[in-house]
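> Following this message is one structure expressed as C-alpha cells.
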Amino acid sequence: MLIHATVNGTQHTVHVAPETSLLTLLRDELGLTGTKNACEEGECGSCSVWLDGELVCSCLVPALQANRHEVRTIEALAPGEELHPLQDAFLATGAVQCGFCTPGLLVAAEDLLERNPSPSDDEIREALAGNFCRCTGYQKIVEAVQVASGRAGLLTAVEHGKVGESARRVDGIPKVTGAFTYGSDLRADGMLQGVTLRSPHPSARIHSIDVTKAEAAPGVHAVLTADDVPGKPTFGLEYSDQPVLASDVVRYEGEPVAIVAAETLEQARRAAELVEVEYEPLSVVSDMEDALRPDAPQVHEFGNVLRHVHILHGEPDTTEADVWVEGYYETPMQDQAALGPEAGLAVPSEDGSVDLHVTTQWLHVDRQQIAPCLDLPEEKVRITLTGVGGAFGSREDIHVQIHACLLALRTKRPVKMTYGREESFSGHVHRHPSRTWIRYGATKEGRLVAADVRLLLDGGAYASSSPAVLANASTFAAGPYEVPNARIEGTVVYTNNPPCGAMRGFGAPQVCFAYESAMDNLAAKLGIDPIELRLKNAVSSGSVLPTGQVLTGSAPLREVIERCAAIPLPEHAPLDAMTHGVGFAVGFKNVAYSEGFDDSAEATVTIEVGPNGLEAQVQTAAVDYGQGLYTVLAQIVRTELGIEHVVVLPSDTSAIGSAGSTSASRQTTMAGAAVLAACREIRAELDTNGAAESITRTVTYQHRVTTGFDEKGQGDIHVAFAFIAERAVVEVDEELGLARVVQIAAVQDAGRVINPQGAEGQVEGGAAIGLGLALMEELQLEEGQVRNGSFTDYLIPTALDVPPVISGFVEVPEPGAPYGVKGIGELATVAATPAIVAALRAATGRVLNRVPVNPDDLLGLRAPAATAGRAPIPDVPGQQPIPEYLGMALGQQELMKAR
Amino acid sequence: MDVLTPYSLDEALEVRFTHPEATPVAGGTDLMVDLNARRLQPTALLDLSHVDELGTWQKESGTVFVGAGMTFARIARELTEFPPLADAARSVASPQIRNRATIGGNLATASPAGDSIPALAAYDADVVVASSKTGMRRVPLGEFLVGPKRTSLAPDELIVGVEWQSVTRPGSFVKIGRRNAMVIAVASACLQVDDEWHGVRLALGSVGPTVLRARHAEEFAEDLDWSDPATLVEFGRLAAAETQPIDDRRGSAAYRRHVVEVLARRLLAQAEKARC
C-alpha cells in the first residue's frame, strides 16, 4: 500500500507491503540506517525511534501505521554540525564501544530527558532497560545521561589524547550520529540478497536436495548446494573439518545446506523454503560424556575425541596433604550475543576476483579459509573490514564470508548477506559447555601442595578453535597459584551440539569457576579467610606453573588481590526478606597466542605535511570491534611523534599484511607494538635527516617464541599472563530465589593503562558478561536442539541487572610489551562469574556448582549438579589435536575421499 | 496481503464480519514478532489503529471500562487509582513496548503470562466483545480465556474493551522473572481485597494454561484473620495447590508452584497491613 509519512521533517510517499515494519521502511527504503536491527523481537531497543513523539521499537510497528504520522530517528537528534549534548556526553564518558546500540540508546535517553530533565540513576536505568548493550556494562551510559542532565560534571575524554590519557574514540562521532556503517548497513548498486537454508536436524543423512522449485521462484538468481562449491569443500580455523555446505550428512541443527540469492530478501527467503531436502535423522550425540563412550555414535568418522591435553607436574599421585577438597562444576553454552548481526557484502569483479566487506575479527585468516573454497588464489579475494557491532569471539570463525562470495561469483552481482537474531544463534560458535572435576590438597597452614583436575569440554559438531580453547583451559585449570604437584587431564569432544569456539575468556572462565569454587571450599575447610588463602598461594614473578612454565613477566597478583579487597563495600541496607553475601575470586589468562603459534602483526605509519600541518596515517589489518583499538593506535602515534592529527585507515587485506586476530587480549600488544616500532623508525629518520615531505615505515612485530606441550604437558606455552581479582556483593530474596548483584569491584593487572576510560569500559563490560553467565545466560539444548535461540528467551543482562562496577588497575610493566601493556579485554569476564556465585553461596549457604545459578538452585528445589565420577581419559596418540594425526589439514571431506 | 483500515468501530466490525480471515493488529508488538520471523503469514491485516473509540477509558457509576486500544503506557499513567493494573502495565517489557502494546492485544494473545490479565482476573472483569451481526456481549474473563493463546472470541468478533466493577480496597500485583527488566513472567500474582474487607480475589499468571483464579484459597481466606501466620501459610499452600504449572525454558513447575505459595502469603499479609 502507498503511505505518506513524515520522517525527520520530510514527507515521504512510499509503497510498503503490509507486513513491512517501520524499521525496514526506514533502513531499506529511506536509507536511514542509523536505526539498527539487532533482534526484530522488540527486546533490544536498537531500533528505537519516535512515532508521533512516542518512543517505540520500530521493528514492531507495522510501516502502514506510520501513514500520515510523524517519525523521528537518530539522524534528527542533531541535524546540524554541532553534536547534541547527549551525543557529546556519550563520547565524553566513554559510553560508546561498538556503537551498535548507541543510536537506540541515545533516542531512549533523549526521550527520558524530554520527560524528566533530571532523572535519578534508578530512573535512568529503568528508562534504558529496554535497550541492550553488550559492550559497556551500562555504567558509562548511565554516567553519560547524568552528564547530559547536568547532574554530573563533564568527565571529558581528551580530544587528542596520548598514551595514559582517556582519549576520545577516533570513530566516536559517526557512532553517535548513526552515520557509522556496519556490515548490515552495506549497500551496492544491483545488489542481490543472499539467505542460507539450514538443517532442522542435529544429526541426519541427506538423501537428496532438489532445488528445481527454488530456482524457478520469482527473483531468484542462484540456488547453490555443496555440488556448487568450486574448490575445497570444507573450512575451519584450526582444522578444515566444516563443510561450506553440507552434502552427505548434517552434524548440528542449523548447519548450512543451501544458499540462495534473489532480488529481494523476501524472494530469497521464499525460494529457500522451496528447496526440498530429504533427511534421514540419525542418532544424536548430545552429551559430552556420552560422546566418550565406546559405543557412542561417531559425529565424525574418525571418532568423537577432538583433543586431549595431559599435564603432569611433580608427583601429584603420591603427594600427601593435610586436607583435600574435591568438587565437580558445570558451565553451560554461552552466546556472545554481540548486538551487530553477522553481515557481509561480496562484490565480484570481471576478472573473476571478489571483494568482500565483512564483519570479522581477522581479515587474513578469513581469506586463508575463503580462497581455497572458491578455488581462487588469495590475492583474488580482497577483504575489507566493515563496521563491527561487537564480537566477543563470535566473529573469529567464518559466517557469511564464503557463502556471499560463492553467490556473488555465480550471479556476477554484488550479494549481501545478513543474519537475523535467530540465525545468528546458529551462525556463530559459542562458549564451550564444561564439566570439571577438581581436587586440591593443602597443608593445614593453607599452602597448596597438589591439584588434580579432570576437564571436559563440549566442542560441538566442528573443531573451530576448540583445540586452543582446551589448551588454555587445561593450562589454567589449577588456578593462578603455586601448586608444586599437578595433574590436569583435559578433553574436548565432538557432539551434535552447535559448534563451540572463541568467546571472551577462551577457556579461562570455565576452569576459573571450578578452581575458585574449590579454593573457597578449601578456605572453609581450613578455617582460613578466603582472601588470605589466595594471597598465601598467589603466583608471582618467578613462580612455576603446572606446565613448568616460569612466570618471567610481571605477575602482581598479590597487589591485585589486596587492592580489590580494600575497595569499600557499598553502603546499603538490604531490603526486607533479603540476605546479602560477598564473594571474592581471582583469575588469570594468557595474552596473545600460545603453543608456538607464529604470531605477528604488521603496521604502516606514514607522516606527511597536510593542509593543517604534519599529519599521520596508521594502517593495519587489525579489527576494532568496539573495544577501542583504533583509538589506542592513534594515541601511540600521538605520543611517539607528537602529531595531533592521526588518521586510522580502514583495515583491508590488499593494503597490508596480517595483524592477527583481535582476540586473546592480544591486539594492543601486537598491533600496538608494530605501530610503536614504525613510529620509532620514523622518529629516528626525523632525528637523523630532519623533516621530509613524507615518511612511511612498515614494521612487523612478533612476540617471543613459545613452545607446544611435550609428552608430559610441559612447555613454555604462553607469551604472557594477566591477573584479576573481583569481588561481588549480592542480595538474595531467599523465599523467591531471586538474586540481584549490588556491586562488583574489580582490580586488574594491566601492565600499563593506555586509555583509562577505555580500560574501565573493558572491565565494566567484561564483568557484565560474567554476570550473565553467573545468573541467566545459557543456550538451552535438548537432544542437540536449541530451545531458546532468541532475545526473548536467551537472557542477557539489562541496565537494571548490572550494578555499578568499581574498577582499578595495577600497573607493573610487562617486559617486552609496548609501554609494558597487557591486554585487558577478557579478564573481567573470567573472575566475575565465580565471585558472584561465591557471594550467592555466602548469602544462602547453598552448594552451587553449576552456572547459571537459577532460582531453583537458590531455593534448593534443584539438586546440585551430580556426577557419576570423573570422565574417562581417552586413549589418544599424544598432545596434538586428533585431526593432526590424521593429516586433517587436508580437510575432512578430502580425507574421507582419500580413504 | 491486503490491509483493511476501518475508521470507526462500526466499520471495523463490518470489515471483521466480511473478512474474518484478516488478522487484527493494534500496537503490533506481538503480531510483528511473528511476522518478522515469518511464523505467521496472514492473508490480510485489519488495522485497528484508527478506531478511536477503542483508545478510551471511563468510570461511570461504579463500572470501569478500558478500551481495547489503551496502551500500557497510558494505563500506567492514567489508571493509577487501580494500582494492580497500573503496576502490571508498568511491568510490561520496556518503555518502547508500553507505548504501543494494548490491553486488547494482551487479551487477544491470551498468553498465560499476559501481564495485565491477572489484575483483570482479580477484578472479576468481563471482556467486552462485539460483532456487527450479534451485537455486543460481555464475556467473563474466565470464559474468554479457554487455553494457552486461545480465546472464545468468535471469528466475526472484535475485542472492544474490558469492564469491571470499580474496586476501592487495596490490591497488588507482583511479577517474577529471571532478570529485572524485559522479562516474560515466570509467575505472577494479583490479589484484590473485596469492598467489604471480607475476602480477597487472587489471580495467578504463568502457572497454568490460562491465568487462574485461586478459588479455594479465596474461599479459605473469607472472614479469617489475615494477620494470623497460620492463615497466611494455609492461604499460600492452597493457592499453590491450585496451580497447574509446567516445566519450560523459562522456569520449572516446582519453582512456579513455590513462588505462588510465597507470593500469595506475602500479598495477603500486605493487604492486611494496608487495612491497619
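> Would you mind getting the Kirkwood hydrodynamic radius of region A:263-365 from its Cα pairs, rounded to one decimal in Å?
21.2
> How high is the relative contact order of region B:55-165, in percent, counting Cα pairs under 8 Å that sit 6 or more residues apart?
The value is 29 percent.
> May I ask you to order B:116-122, A:527-533, A:416-422, A:733-739 by the average number of other C-beta atoms within 10 Å around their residues, highest value first?
Packing proxy ranking, top to bottom: B:116-122, A:416-422, A:733-739, A:527-533.
> Also: Provide a whole-number value for the mean count of partner chain Cβ atoms within 10 Å of the Cβ atoms in peptide B:94-107.
Taking the mean over all residues of the peptide, I get 6.
> Now for a different question. Work out, step by step, the length gained on full extension between A:ASN116 and A:GLU681: first 0.36 nm times the residue separation, then minus their alpha carbon distance; give nm to one decimal.
198.0 nm
> When the Kirkwood hydrodynamic radius is evaluated over all pairs of different C-alpha atoms of region A:670-821, what value in angstrom, to one decimal, is obtained?
That comes to 20.0 Å for region A:670-821.
> Between the DSSP loop rule and a limit of at most 16 other Cβ atoms within 10 Å, which GluC sites (Glu not before Pro) in region B:171-276 are left?
B:GLU196, B:GLU222
> How many percent of Cα pairs in region B:171-275 exceed 22 Å?
25
> Rg to Rh ratio, the protein assembly as shown, alpha-carbon atoms and Kirkwood radius?
Over the Cα atoms of the protein assembly as shown, Rg/Rh equals 0.96.
> If you average the alpha carbon positions of region A:370-405 and of region A:292-358, how far apart do those two centres end up, in angstrom?
With region A:370-405 and region A:292-358 each reduced to a Cα centre, they are spaced 21 Å.
> Another one. Note down the relative contact order for chain A as a percent, whole number, built from C-alpha pairs under 8 angstrom at least six residues apart.
Relative contact order of chain A: 15 percent.
> From other protein chains only, count the Cβ atoms within 10 Å of every residue's Cβ in A:17-26, then give the mean.
Mean shielding by partner chains, rounded to a whole number: 4.
> So, by mean Cβ neighbours within 10 angstrom, what's the order for A:440-449, A:867-876, A:260-269 with the highest one leading?
A:260-269, A:440-449, A:867-876
> Where a Cα-Cα gap under 25 Å defines reach, which lysines qualify for A:LYS232, not counting those fewer than 8 residues away within the same chain?
Partners found: A:LYS380, A:LYS412, A:LYS416, A:LYS897.
> Within region A:154-254, which GluC sites (Glu not before Pro) sit in a loop by DSSP and count at most 12 neighbouring Cβ atoms inside 10 Å?
In loop regions of region A:154-254 (DSSP not H, G, I, E or B), the sparsely surrounded GluC sites (Glu not before Pro) are A:GLU159.
> Translational D (Stokes-Einstein, µm²/s) of region B:55-165 at 20 °C and 1.002 mPa s when Rh comes from the Kirkwood sum over C-alpha pairs?
Rounded to a whole number, D works out at 155 µm²/s.
> Additional query: Using 1/(1 + (r/R0)^6) with R0 = 45 angstrom and r between the beta carbons of A:GLU276 and A:ALA868, what's the FRET efficiency to the nearest 0.05?
Computed FRET efficiency for A:GLU276 and A:ALA868 comes out at 0.55.
> Continuing with the same structure: Convert 20 °C to kelvin, take the viscosity as 1.002 mPa s, use the Kirkwood radius over C-alpha pairs of region A:2-76 as Rh, and evaluate the Stokes-Einstein diffusion coefficient in µm²/s, rounded to a whole number.
In µm²/s, the coefficient rounds to 182.
> Using a 7 Å offset from the Cα along the Cα-to-Cβ direction at both B:LYS149 and A:ASP317, what is the distance between the two label points in nm, to one decimal?
Between B:LYS149 and A:ASP317, the simple spin-label model gives 5.7 nm.
> R0 = 60 Å: FRET efficiency of A:ASP598 with A:THR13, Cβ-based, nearest 0.05?
In this case the efficiency is close to 0.55.
> Which value, to two decimals, describes the C-alpha radius of gyration of chain B once divided by 2.2 N^0.38 Å?
Rounded to two decimals, the normalised Rg is 1.00.
> Highest first, please rank the peptides A:753-765, A:677-689, A:805-817, A:831-843 by the mean number of other Cβ atoms sitting within 10 Å of their residues.
Top of the packing list down: A:831-843, A:753-765, A:805-817, A:677-689.
> Here's another thing I want to ask about it. Run the helix sum for chain A: -39,500 (n - 2.57) per DSSP H stretch of 4+ residues, divided by residue count, reported at 222 nm to the nearest 500 deg cm²/dmol.
Mean residue ellipticity, 222 nm, calculated: -7500 deg cm²/dmol.
> Could you name the aspartates and glutamates whose alpha carbon sits less than 13 Å from that of B:LYS59, not counting residues in the same chain fewer than 8 places away?
B:GLU78, B:GLU81, B:GLU163
> Right, something else. For region B:55-165, what is the charge dipole size about the Cα centre, in debye to the nearest 20, if Lys and Arg each add +1 at the Cβ and Asp and Glu each add -1 at the Cβ?
340
> Between the alpha-carbon centers of region A:48-113 and region A:190-211, tell me the distance in whole angstrom.
Their Cα centres are 37 Å away from one another.
> Another question about this same structure. Within a 10 angstrom radius of each residue's Cβ in B:41-50, how many Cβ atoms of other chains show up on average? Whole number is fine.
That works out to 3 on average.
> How big is the shadow of the Cα convex hull of region B:34-91, averaged over all directions, in nm²?
5.7
> Once you have the Cα-Cα distance between A:THR700 and A:ALA655, take 0.36 nm times their residue separation minus that, and quote the gain in nm to one decimal.
14.8 nm
> Further, regarding this structure: Could you tell me whether region A:85-184 comes out rounded, prolate or oblate from its Cα gyration tensor? Rule is a ≥ b ≥ c as square roots of the eigenvalues, rounded for a/c under 1.5, then prolate if a/b exceeds b/c, otherwise oblate.
oblate
> Determine the shape class of region A:576-717: with a ≥ b ≥ c the square roots of the Cα gyration tensor eigenvalues, call it rounded for a/c under 1.5, and otherwise prolate if a/b is greater than b/c, oblate otherwise.
Verdict is oblate for region A:576-717.
> Highest GNM mean-square fluctuation, chain B, Cα pairs closer than 10 Å: which of B:ARG39, B:ARG250, B:ARG266?
Residue with maximal mean-square fluctuation among B:ARG39, B:ARG250, B:ARG266: B:ARG39.
> Then there is this: At R0 = 25 Å, how high is the FRET efficiency between A:ALA152 and A:GLU54 if r is their beta carbon distance? Nearest 0.05 is fine.
E(calc), rounded to 0.05, equals 0.35.
> OK, next. Any of A:LYS444/A:LYS525; A:LYS536/A:LYS589; A:LYS140/B:LYS175; A:LYS140/A:LYS822 with alpha carbons more than 18 Å apart? Name them for me.
Where the Cα-Cα span goes over 18 Å, the pairs concerned are A:LYS536/A:LYS589; A:LYS140/B:LYS175; A:LYS140/A:LYS822.
> Something else now. Region B:41-96: which GluC sites (Glu not before Pro) are DSSP loop and have at most 14 other beta-carbon atoms within 10 angstrom?
Counting only loop positions with at most 14 other Cβ atoms within 10 Å, the GluC sites (Glu not before Pro) in region B:41-96 are B:GLU81.
> While we're looking at this one, here's another question. Do the sum for chain B: with -39,500 (n - 2.57) for every DSSP H run of n ≥ 4, divided by all residues, what is the mean residue ellipticity at 222 nm, to the nearest 500 deg cm²/dmol?
So the calculated ellipticity at 222 nm is -9500 deg cm²/dmol.
Rule-based calculations on the coordinates, nothing more; no lab input. For clarity, every value in this text was computed on a predicted model and none was experimentally measured. With ideal geometry, Cβ positions are generated from the backbone for all residues, glycine too; neighbour counts draw on all protein chains shown.
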